[in-house]
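See below for the structure under consideration.
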Amino acid sequence: MAAPRLRIAPSPTGLFHVGTARTALFNWLEARRTGGTFVLRIEDTDLGRNLVEAADGIQRSLEWLGLDWDEGPYFQSQRRERHVAAALELAEAGFAYWSDPMPLAPDGKPERYDGRDRDRGLDRSPGRALRFRSPDEGATTVFDLIRGEPTFPNAVLEDFGLLKSSGDPLFLLANVADDIDMAITHVVRGEDHLSNTPKYQLLWAAIAPSAPLPVFAHLPLIVNEKRQKLSKRRDKVSLEQFRDDGYLPEVMGNFLALLGWSPPDGRERFAIGDVIKEFSLADVLSSSAYFDLKKLDAFNGDAIRELAADDLFERITPFLGTWDPARVQPLLPEVQTRVVRLDEVAPMVDFLYLDEPVWDDASWEKALRQTTGATAALLGAVAQGWSACPWEAEAVKAVVVDAGTASGLNLKKAQAPVRVALTGRAVGPPLFESAVVLGRGEAVRRVRAALDRVPALAP
RNA sequence: GGCCCCAUCGUCUAGAGGCCUAGGACAUCACCCUCUCAAGGUGGAGGCACGGGUUCGAAUCCCGUUGGGGCUGCCA
């Protein structure tokens, strides 16, 4: 048997959908496992909805995930003539017929087509669309690696459109014609296409009766918490968004692979490249999968913690914007166990870069309560101690411990106002390491500045 | 409405008739550790939608019910 040919065929109508990413991944895995060919085809037939930058976004997203393609990108819009020619041949052969627009319903949309033009023998003319004449009898069976052999009565298939009244090709026509021309052998796509597949097969047989039909694999849908297909309108679905939020590409690939499939040995954490040999479309589950952000976060946090220091440094740099990453580098090991996403780093260490920390009043009030009337004495002692002690974490800590003891406060309480003084917040990376990185001068200055904010008449 | 698909802890899943007293992961709860917050460690709670069959034996096979979803566009 000839080497398989698979394709990912996204439409450039917006950001890259995670569902498309998962479909691309499974196509890629199957292509790589079998030594087949992975084709990228941009389905931009709907000129009105295309976004020029989206096609580029598709390619960059695939690259980001590490999914390389062997052919393409092909652009469907550039194959318009071939699609139209195929459609006209279909009309000529009686597989399709011309049809007038349907009257508008009260809601302003055209009514559902009822087959009224089937036998009118209308000519091709401006304003008329071309429709496929679906068989009235018989049934069409789809051979699906994941779902078995669903069979559809042909009578329920509507006479779907091939060409718009503008003359432009529609999805099914372009999709099938291209799959024929590109000799696609495996159509791996979302389950939402399953119901369209009998139409796909009928069209294929009409255009290229001698070409063997591809084998199908309809992947389970990725759904939201309401178990509905992920939608761009209500759900967070763009890969670009996940990238910008600081999810690691290898984690996204790993997580997406687990939606509907798992390696035979049951392990959950893996690189997609390591799982090629174990992958099998036949092992893909058939029930829909919820996209669980919590689990993605857990995976991402784990992966961040496993990063080597220099790797982490490189990955964090773009998330710091204009800030010099070298400044935070000494604190990175402490930051590493505290972030789940890369975009959490900047707000966690902003105090190192800003002239004044972002002051959180609630944190300060809480710190004052923990130290009651001793805040001023405590901060005074810390400022004095820090001015003279060796500038390393242990010594810096000892100063706070001693200052606390002198005020009758344990370290847990004593560190609170000091932390707010330095970082502006009640939570953050370990205080003493942070102080060391901040620098003696600035640290002491901030403690003194905080001293001025202690209420004169403490409760 | 019609057609099609689906159904194991809250979630992702393991499970292809006896290995199941249903395993793992995330989430959750408790405890330990602890300068905040994390991380880490230990332990706990939690599921085969329901009803019929088939079988010596069913989470696994069959039928039905219920529930959920998809498609039904001159979108893809």
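We did not get these values from a lab; they are worked out from the coordinates using the rules stated. Everything quoted here is computed from the prediction, not taken from an experiment. For neighbour counting, all protein chains shown are included, and Cβ atoms are generated from backbone atoms with ideal geometry for every residue, glycine included.
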For this session: On each of the three principal axes of the Cα atoms of the stretch A:317-459, give max minus min coordinate, whole Å, ordered largest first.
Result: 45, 32, 25
For this session: State the answer as a single residue: which of A:Ser165, A:Ala155, A:Tyr113 lies farthest towards the positive end of the charge dipole of the stretch A:98-205, with beta carbon charges of +1 for Lys and Arg and -1 for Asp and Glu, about the Cα centre.
Result: A:Ser165
For this session: Would you mind checking which residues have amide H under 5 Å from A:Ser288's amide H? H placed 1.01 Å from N; only 5 or more apart, or other chain.
Result: A:Leu221
Exercise. Computed over the Cα atoms, what is the radius of gyration of the stretch A:1-137 divided by 2.2 N^0.38 Å, N being its residue count?
Worked result: 1.35
For this session: Note down the net charge around A:Ser165, summing +1 for each Lys or Arg and -1 for each Asp or Glu among other residues with Cβ under 13 Å from its Cβ.
Result: +1
Exercise. Can you give the convex hull volume per residue for the Cα atoms of the stretch A:123-170, as a whole number of Å³?
Worked result: 86 Å³
Problem set entry | Two-decimal Rg/Rh across chain A, once Rg and the Kirkwood Rh are taken from alpha-carbon atoms | 1.17
Seminar exercise, completed: Semi-axes in Å, largest first, for the stretch A:347-387 (Cα gyration tensor, √(5λ)) are 22, 16, 7
Seminar exercise, completed: The answer for A:Thr140, listing residues at least 5 apart or on another chain whose modeled amide H is closer than 5 Å to its amide H, is A:Phe152, A:Asn154
Problem set entry | For the stretch A:162-319, radius of gyration divided by Kirkwood radius, i.e. Rg to Rh on alpha-carbons | 1.06
Seminar exercise, completed: Of the convex hull enclosing the alpha-carbon atoms of the stretch A:1-61, the direction-averaged projected area in nm² is 4.4 nm²
Exercise. Tell me, in nm to one decimal, what length is gained between A:Glu356 and A:Gln228 on full extension, where the rule is 0.36 nm per residue of separation less the Cα-Cα distance?
Worked result: 41.4 nm
Problem set entry | Amide H contacts of A:Val187 (H built 1.01 Å from N, under 5 Å, at least 5 apart or other chain) | A:Val215, A:Phe216, A:Ala217
Exercise. What are the ³J(HN,Hα) values, in whole Hz, obtained from phi via the Karplus relation 6.51 cos²θ - 1.76 cosθ + 1.60 with θ = phi - 60°, for each residue of the stretch A:380-388 in sequence order, with x given for Gly and Pro?
Worked result: x, 5, 5, 4, 5, x, 5, 5, 10
Seminar exercise, completed: Given Cβ charges of +1 for Lys and Arg and -1 for Asp and Glu, the option among A:Leu285, A:Phe270, A:Gln336 whose Cα lies farthest towards the positive end of the dipole of chain A is A:Gln336
For this session: Considering the options A:Pro430, A:Trp359, A:Gly373, tell which one lies farthest towards the positive end of the dipole of the stretch A:326-459, charges being +1 on Lys and Arg and -1 on Asp and Glu at the Cβ, about the Cα centre.
Result: A:Gly373
Problem set entry | Shape box of the stretch A:253-385 [Cα atoms, principal axes, largest first, Å] | 70, 32, 23
Seminar exercise, completed: Footprinting proxy, A:Val284, A:Val382: sorted fewest to most Cβ within 10 Å, the residues are A:Val284, A:Val382
Seminar exercise, completed: Karplus ³J(HN,Hα) for the stretch A:351-367 (6.51 cos²θ - 1.76 cosθ + 1.60, θ = phi - 60°; Hz, whole; x = Gly/Pro) runs 5, 6, 9, 7, 4, 10, x, 5, 7, 9, 4, 4, 5, 5, 4, 5, 5
Exercise. Cβ under 9 Å from A:Tyr113's Cβ, A:Tyr113 left aside: what net charge do those residues give with Lys, Arg +1 and Asp, Glu -1?
Worked result: -2
Exercise. Placing +1 at every Lys and Arg Cβ and -1 at every Asp and Glu Cβ, with all other atoms neutral, what dipole size does the stretch A:315-459 have around its Cα centre, in debye to the nearest 20?
Worked result: 300 debye
Exercise. Expressed as a fraction of 2.2 N^0.38 Å, the rule-of-thumb size for a compact globular protein of N residues, what is the C-alpha radius of gyration of the stretch A:72-132?
Worked result: 1.37
Seminar exercise, completed: Counted neighbours (other Cβ, 10 Å), sorted fewest up, put A:Ser238, A:Ser61 in the order A:Ser238, A:Ser61
Exercise. Which of the residue pairs A:Lys109/A:Lys232; A:Lys232/A:Lys294; A:Lys295/A:Lys413; A:Lys199/A:Lys236; A:Lys229/A:Lys277; A:Lys226/A:Lys294 have a Cα-Cα distance greater than 24 Å in the structure shown?
Worked result: A:Lys295/A:Lys413; A:Lys199/A:Lys236; A:Lys229/A:Lys277
For this session: Relative to the compact-globule scaling 2.2 N^0.38 Å, provide the ratio for the alpha-carbon radius of gyration of the stretch A:128-233.
Result: 1.14
For this session: Report the full-extension gain for the segment A:Arg120 to A:His193: residue separation times 0.36 nm, less the Cα-Cα distance, to one decimal in nm.
Result: 23.2 nm
Problem set entry | Semi-axis lengths, Å, the stretch A:19-92, gyration tensor of Cα atoms, sqrt of 5 times eigenvalues | 26, 17, 9
Exercise. What is the projected area of the convex hull of the Cα atoms of the stretch A:227-287, averaged over all directions, in nm²?
Worked result: 5.2 nm²
For this session: Would you work out the relative contact order for the stretch A:315-459, in percent, from Cα pairs under 8 angstrom that are 6 or more residues apart?
Result: 31 percent
For this session: State the dimensionless ratio Rg/Rh of the stretch A:307-399 (Rg: radius of gyration of Cα atoms; Rh: Kirkwood radius).
Result: 1.04
Problem set entry | Residue-by-residue Karplus 3J(HN,Hα) for the stretch A:271-280, coefficients 6.51, -1.76, 1.60, Hz, glycine and proline x | 8, 4, x, 8, 10, 3, 5, 8, 5, 7
